[in-house]
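J.: One structure follows; several queries about it will come next.
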Protein chains: 2
Amino acid sequence: MNTISPRPVDAVISAAREFLGDRLSLNATIREQHAKGEDNTTPTLPDAVAFVETTEEVSRLVKLCHQHEVPVVPFGAGTSLEGHVNPVRGGISLDLSRMTGVLEVNADDMDCLVEPGVTRQQLNEYLRDQGMFFPVDPGSHCTLGGMVATRASGTCAVRYGTIRENVLGLEVVLADGRVIETGGRTRKAANGYDLTRLFVGSEGTLGVVTKIRLRLHGIPEATSAAVVQFASLEGAVRSTIEVMQTGIPVARIELLDDDMMAASIAYSKLEGYAPLTTLFLEFHGSEAGVKEQAEAVEAITAANGGTGFQWASDPAVRAKLWKARHDSYWAGVASKPGWKALTTDVCVPISRLVEALVGAKQEAKELGHATCIVGHVGDGNFHQMVLYDPNDPQGLERAWDMDRRIVSRGLSLGGTCSGEHGIGLGKREFLEREHGVEALAVMRSLKAALDPKGIMNPGKMFRN
Amino acid sequence: MNTISPRPVDAVISAAREFLGDRLSLNATIREQHAKGEDNTTPTLPDAVAFVETTEEVSRLVKLCHQHEVPVVPFGAGTSLEGHVNPVRGGISLDLSRMTGVLEVNADDMDCLVEPGVTRQQLNEYLRDQGMFFPVDPGSHCTLGGMVATRASGTCAVRYGTIRENVLGLEVVLADGRVIETGGRTRKAANGYDLTRLFVGSEGTLGVVTKIRLRLHGIPEATSAAVVQFASLEGAVRSTIEVMQTGIPVARIELLDDDMMAASIAYSKLEGYAPLTTLFLEFHGSEAGVKEQAEAVEAITAANGGTGFQWASDPAVRAKLWKARHDSYWAGVASKPGWKALTTDVCVPISRLVEALVGAKQEAKELGHATCIVGHVGDGNFHQMVLYDPNDPQGLERAWDMDRRIVSRGLSLGGTCSGEHGIGLGKREFLEREHGVEALAVMRSLKAALDPKGIMNPGKMFRN
């Protein structure tokens, strides 16, 4: 008699079917859609995909996985750039994208409570007629749950902070299915360990975020944009440093290097600009305030070799400029038809930004790589896109090698391998070098304390 | 033959003498000075006080304490209001007040690296001629190490954040003597668990902070202050909510209730003000910006019943106003000669602030308590001083009872028992109610993971 002993995951699937019904899917196409994010990693299939709709369902499912020691891999919009959602050890892909409720909006307290599948665009659409907005804006259509998991930021972090500063509290399903609330509704608290910040950036390795309380901000009375160009990277970075030192509350200060600007001029039909290093700025405040900010920035940039300062308060012009900035990834890819891109995410102290940018650019040129750069320069964070030919058998590996060089330079300048994309699979090799053996051991001991069976997004962040 | 078996602490004292010499003190007066903070707790003596001067000394001493299972109680300036520094189980009081080095100041990155014994006043004195300042300003002459430990804030948190938002990284001696660095020099990072935020607010229960990297801010071009008075608490709080919603970047917005204003007029010789609920404001920005902010606030307060709006850009007038605000604790105490004060620290969502303040005030009156209130109202945080007669045998106990009622009301309004003073001994009873059984269990599991022998500031935060 032939018997095949059942796999642990089969027990989970069979029990979960009882409360999820056909929202627990074994369909091949659906499993493939949950095999990787928007990154260059190798896809790995989950055994099943669970489309959960409530905290209770998450809790019951995670409890089953805990009991049977089956991996749980949270999945939002699948926009990870570092392999966060790949089920590298199989198990259940926990798809939270149907949890899209905006549960509360409190105008007096300027906060809201949302489910993790809400995207930032959906939230801002919802808030628009209430005079408030949520300022953390990664480039992709990611979910707020994914943003919490990866400690995301974007172009407005220089003024409004990253998601770390804008999360007031969380509801989290722990690795054994228990449900906790962290943080609270107050703007500050000195009331025990900061569990909220422990889960923000934990990349699904400590628990599943099922509710998020966010700080909101008032839509400013006036908004204006400006563009200024430089013959050198140094002038643009020096300008940024002085703007920050002077305390001008710029809402955005973004750098495009000459290659990226050339690509964006072609892709986004930006007329009247030269293919030079360029700063895109945005100012939020009162009518008089944004004018004053723009004038102060113009003076600083002029003193650092900036030319052609253009100020745009017309919404249509502003929208075109920022669409061009947000499309820069696609502009970069389009600059080499048929090629693909690997995107780095180094962040350095702003004083070392020129060295990081100029050094990485020069090394890439010497090694024959086509690269272009966008940078959240107010934060010292930049994305150097390394373009590669997918038909070249060594193409991706060579791009990874260049990525490693860019990161190594960043680390040697006191920086980090990731400003906002997270560690996932792709950056694990740098974590020990960055934090040291003992600090990494502390992180592992926290993981062991909260997920003793190692079922929460295993294989991510740490190399085992 | 009579033998007394040696206590574990004697082994630590004898070994630590070898590298600390007479900086390890058994002197009775010195031990008494380390028996409590500025609070109303019962003093408890440490077995010895160690005046450490280097990270290496801290590490060696903590390692010895770990080996012999002897409690370690970090001590800075001794300004705790919640019993944080009381060696309730004896052991070593680890006095870090001699570690006062400002190790680095980086103007381009606007950060600095300091030792934990530096006070915020010392740091700002040091920075003054460099055009930068550190904005987190608790009322007392506390050390930055103590501020990190208690997640402190102050009057400027509404604009610049609490110490949580202003710490970039830490050096920490763990419970077994290992030394780690957390965070880094970059303004943001998505590179693993947020160990920095785990230690900020951990009240010495997870490790000893031996270095602190802080974000600095540019001294604003212009500063001005304003005072406005209200016939009711409601008008003042409603004004605050509208100022926040409008996004006016007030640097400070502080409330004194009628009783506190009366006390401050008497104590600080404030002329020209009535004993009414009062908002003290400060504006930071450009010359035109602070004027615009003041005008916008005046319009909002006038619409909410504010009267006598006075604007002061004269530094001497501003200094007198803010000295009066900072001296309000002493003004409150002086309002009842010979009496003492217990200070509460409730923080609520700002939409519930009127209920919290009016309710607590009324209940205090009904129970025959003299109380006066100062509030960081932009954050929803207020300190209600409960005055008591130290010669009344029931005086302190009655004040504690009132404190509990104020906290209970705050919790029922979605608030926290502590906005900025921390848990220590005094607020432990509220922690489970505030976070729930399971979240508190998670905190305990983190404590167990990082301090398995329970030597780090035992008896604080958790009731065992």
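J.: With contacts defined as alpha carbon pairs under 8 Å and 6 or more residues apart, what's the relative contact order of the stretch A:275-383 in percent?
T.: It rounds to 20 percent for the stretch A:275-383.
J.: Right, next: Taking the number of other C-beta atoms within 10 Å as the exposure measure, put B:ARG215, B:ARG23, A:ARG7 in order starting with the fewest.
T.: Least crowded to most crowded, the residues run A:ARG7, B:ARG23, B:ARG215.
J.: Sticking with this structure for a sec: Which value, to two decimals, describes the C-alpha radius of gyration of the stretch B:169-309 once divided by 2.2 N^0.38 Å?
T.: Relative to the rule-of-thumb radius for its length, the stretch B:169-309 sits at 1.46.
J.: Given the DSSP H assignment, sum -39500 (n - 2.57) over each helix run of at least 4 residues in chain A and divide by its residue total; what's the result at 222 nm in deg cm²/dmol, nearest 500?
T.: Per the formula, -11500 deg cm²/dmol.
J.: What nm distances, shortest first, do you get from the label point of A:LEU103 to those in the other copies when the point sits 7 angstrom along Cα to Cβ?
T.: 4.2
J.: A further question on this structure: What list of ³J(HN,Hα) couplings, whole Hz, do you get for the stretch A:164-177 from phi and the Karplus terms 6.51, -1.76, 1.60, once you set θ to phi - 60° and write x for glycine and proline?
T.: 3J(HN,Hα) across the stretch A:164-177, in whole Hz: 4, 7, 10, 9, 8, x, 9, 10, 10, 8, 6, 4, 9, x.
J.: Taking only Cα atoms, what is the 0 to 90° angle, nearest 10, from helix A:437-450's long axis to the longest principal axis of chain A?
T.: That works out to roughly 50 degrees.
J.: Partner chain Cβ atoms within 10 Å, averaged over the residues of B:85-93 - can you pull that number for me?
T.: 0
J.: Out of every Cα-Cα pair in the stretch A:153-251, what percent are more than 18 Å apart?
T.: 61
J.: May I pose another question? Provide the FRET efficiency to the nearest 0.05 for the B:THR29-A:ALA299 pair, computing r from the beta carbons and using R0 = 60 Å.
T.: Given R0 = 60 Å and the Cβ-Cβ separation, E is 0.50.
J.: Using only alpha carbon pairs under 8 Å that are at least six residues apart, calculate the relative contact order of the stretch A:337-412 and give it in whole percent.
T.: Result for the stretch A:337-412 is 43 percent.
J.: Pop out the Kirkwood hydrodynamic radius of the stretch A:118-180 from its pairwise C-alpha distances, inverse of mean 1/r, in Å to one decimal.
T.: Its Kirkwood hydrodynamic radius stands at 12.7 Å.
J.: Please compute the contact order of chain B in relative form: average sequence separation of alpha-carbon pairs under 8 Å and at least six residues apart, divided by the residue count, as a percent.
T.: Taking the mean separation of contacting Cα pairs over the length of chain B, I get 15 percent.
J.: While we're on this one: Can you tell me the orientation of helix B:8-20 relative to chain B, as the angle in degrees between its alpha-carbon axis and the longest Cα principal axis, to the nearest 10?
T.: 80
J.: Moving on to the next point. Taking the Cα centre of the stretch A:266-398 as origin and charging only Cβ (+1 Lys, Arg; -1 Asp, Glu), how large is the dipole, in debye to the nearest 20?
T.: That gives the stretch A:266-398 a dipole magnitude of about 300 debye.
J.: Continuing with this model, one more query. Mind checking which of A:LEU450, B:ASN304, A:GLN310 is farthest towards the positive end of the protein assembly as shown's charge dipole, using Cβ charges of +1 (Lys, Arg) and -1 (Asp, Glu) about the Cα centre?
T.: A:LEU450
J.: Could you tell me, in Å, what Rg and Dmax come out for the Cα atoms of the protein assembly as shown?
T.: 28.1, 99
J.: Once fully extended, how much extra length lies between A:PHE19 and A:GLN121, figured as 0.36 nm per residue of separation less the alpha-carbon to alpha-carbon distance?
T.: Difference between extended and current length: 33.6 nm.
J.: Still on this structure, please answer the following. Just report the Cα centroid separation between the stretch A:102-136 and the stretch A:290-333, whole Å.
T.: 27
J.: Averaged over peptide A:198-207, how many Cβ atoms belonging to another chain are found within 10 Å of each residue's Cβ?
T.: Mean partner-chain Cβ count within 10 Å for A:198-207: 3.
J.: As an exercise, use a Förster radius of 41 Å and the Cβ-Cβ distance of A:GLU104 and B:ARG463 to find the FRET efficiency, rounded to the nearest 0.05.
T.: 0.80
J.: When the dipole is taken about the Cα centre of the protein assembly as shown, and only Lys, Arg (+1) and Asp, Glu (-1) are charged at their Cβ, what size is it in debye, to the nearest 20?
T.: About 1500 debye.
J.: Can you work out the FRET efficiency for the pair B:LEU270 and B:GLU432, with r the C-beta to C-beta distance and R0 = 56 Å, to the nearest 0.05?
T.: 0.85
J.: Once the cut-off is 24 Å, how many percent of the Cα-Cα pairs in the stretch A:102-218 end up in the long-distance tail?
T.: 18
J.: Report the semi-axes of the equivalent ellipsoid for the stretch B:305-464 in whole Å, largest first, where each axis is √(5λ) for an eigenvalue λ of the Cα gyration tensor.
T.: 32, 20, 17
J.: Checking the a/c ratio against 1.5 first, then a/b against b/c, what shape does the Cα gyration tensor give for the stretch A:280-359?
T.: Oblate.
J.: On to the next question. Can you list the copy-to-copy distances for A:GLU366, using a point 7 angstrom from Cα toward Cβ, in nanometres, shortest first?
T.: Label-point distances to the other copies, shortest first: 7.8 nm.
J.: Taking the Cα centroid of the stretch B:211-287 and of the stretch B:147-189, what is the distance between the two, rounded to the nearest whole Å?
T.: So the separation of the two Cα centres works out to 26 Å.
J.: Between the stretch A:394-450 and the stretch B:9-24, what is the separation of their alpha carbon centroids in Å?
T.: Between the Cα centres of the stretch A:394-450 and the stretch B:9-24 lies a distance of 41 Å.
J.: Given the stretch A:8-95, what whole percent of its Cα pairs are spread farther than 20 Å?
T.: Within the stretch A:8-95, distances greater than 20 Å cover 26 percent of Cα pairs.
J.: Just how large is the dipole of the stretch A:222-329 about the Cα centre, in debye to the nearest 20, putting +1 at every Lys and Arg Cβ and -1 at every Asp and Glu Cβ?
T.: 240
J.: Identify all lysines with a Cα-Cα distance to B:LYS453 below 16 Å; exclude those on the same chain that are fewer than 8 residues away in sequence.
T.: Within the straight-line cut-off, B:LYS453 pairs with B:LYS63.
J.: On to the next question. Pop out the Kirkwood hydrodynamic radius of chain B from its pairwise C-alpha distances, inverse of mean 1/r, in Å to one decimal.
T.: 23.2
J.: Toward the positive end of the charge dipole of chain A, about the Cα centre and with charges on Cβ (Lys, Arg +1; Asp, Glu -1), which of A:TYR273, A:THR246, A:GLY139 goes farthest?
T.: A:GLY139
J.: I would also like to ask the following. Hey, for B:ARG404 with labels 7 Å out along Cα-Cβ, what do the inter-copy distances come to in nm, ordered shortest first?
T.: Its label point is 6.3 nm from the equivalent points in the other copies.
J.: Next question, about the same structure. Take peptide A:165-174, look around each residue's Cβ out to 10 angstrom, count Cβ atoms belonging to other protein chains, and average those counts.
T.: Per residue, the average neighbour count from other chains is 1.
J.: Further question on the same structure: Where does the stretch B:412-464 land on Rg/Rh, using Cα atoms and the Kirkwood Rh?
T.: 0.98
J.: For A:GLU69 and A:LEU396, calculate 0.36 nm times their separation in residues minus their Cα-Cα distance, and state this gained length in nm to one decimal.
T.: Length gained, A:GLU69 through A:LEU396: 114.3 nm.
Every number here is computed from the coordinates shown, using simple stated rules; none is lab data. Since the model is a prediction, treat every value here as computed from it, not as a measurement. When we count neighbours, we look across all protein chains shown, and the Cβ atoms used for this are built from the backbone with ideal geometry, even at glycine.
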